[in-house]
1. For Asp83 and Leu21, what does the FRET efficiency come to when R0 = 25 Å and r is the distance between their Cβ atoms, rounded to the nearest 0.05?
2. Tell me the per residue accessible area of the stretch 51-97 using a 1.4 Å probe; a whole number in Å² is fine.
3. Taking a threshold of 26 Å on the Cα-Cα distance, which of the pairs Lys8/Lys54; Lys90/Lys127; Lys4/Lys88; Lys88/Lys144; Lys91/Lys126 fall above it?
4. What aspartates and glutamates could a cross-link reach from Lys76, if we take a straight Cα to Cα line under 20 Å and drop same-chain neighbours fewer than 8 places away?
5. Specify the longest stretch of the chain that does not include any exposed loop site, a site being one of the trypsin sites (Lys or Arg not before Pro) with a non-H, G, I, E, B DSSP assignment and at most 16 other Cβ atoms within 10 Å.
6. Rounded to the nearest percent, how much of the accessible area of the stretch 94-135 (1.4 Å probe, protein heavy atoms only) is carbon and sulfur?
7. At 7 Å along Cα-to-Cβ for each site, give me the label-to-label distance between Val100 and Tyr70 in nm.
8. Name the shape class, rounded, prolate or oblate, that the alpha-carbon gyration tensor gives for the stretch 89-149, where a ≥ b ≥ c are the square roots of its eigenvalues, rounded holds for a/c under 1.5, and otherwise prolate holds if a/b is larger than b/c and oblate otherwise.
Amino acid sequence: MTLKEANKKLEELNNDYNYWLTEKEIAQSVVRPKSADLTLEKVDGGTRVDKMLKYTEILEDKQINETLDYIFKRRKNIMNWIDNELKKMKKYGEVVELIVQLKENTTIIDKATHEERFLTWKEIAKKSHFAPDYCRQVYRLYKKTRDID
């Protein structure tokens, strides 16, 4: 596997992760309280639906939590592989320098507000040719803090 293939695979996994996270949110909408609606809700007389049972059935049918956990572990594995590959190529320091420079010192003029602002993670990823999650992880390791956003 090359770095380019690993970055492509990481982006595919990010896309899959976001898809399954959305599926989980859709399933959770069954049990979440609904907003006040002024229209009358039609019900069958005496028929009750256990919303929690329906929610767990949806989660079990789709195995959403297991899928999310599996994708998360694969993403972590690929990010570790990229780290090790860059260290092997002796380019890890250059990548860290590039990401830190882009995050801390590079600013652009926002098109909407016409104000100067720092780059977003997507913009940093585009300029560094790495996935946004990987850039965030490298910066987090550089800063040695848990929350960097």
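The values are calculated or read from the model by the stated rules, or taken from the named source; none is laboratory data. What you see is a predicted model; the values in this text were computed from it and never measured. Cβ: placed from backbone, ideal geometry, glycine included. Neighbour counts: every protein chain shown. Side chains are part of the model used for accessible areas, which takes the heavy atoms of the whole protein and leaves out ligands, DNA and RNA. Shrake-Rupley method; radii C 1.70, N 1.55, O 1.52, S 1.80 Å.
1. Numbers: r = 25 Å, r/R0 = 0.98.
Plugging the Cβ-Cβ distance into 1/(1 + (r/R0)^6) gives 0.55.
2. About 72 Å² of surface per residue is accessible.
3. Pairs exceeding the cut-off: Lys8/Lys54.
4. By straight Cα distance, Lys76 reaches Glu5, Glu11, Glu12, Asp16, Glu66, Glu85, Asp133, Asp147, Asp149.
5. Counting at most 16 other Cβ atoms within 10 Å as exposed, the longest clean stretch of the chain is 49-89.
6. Values: 1460 of 2710 Å².
That fraction is 54 percent.
7. Going by the 7 Å Cα→Cβ label model, 3.9 nm.
8. Prolate, because a/c is 1.5 or more and a/b exceeds b/c.
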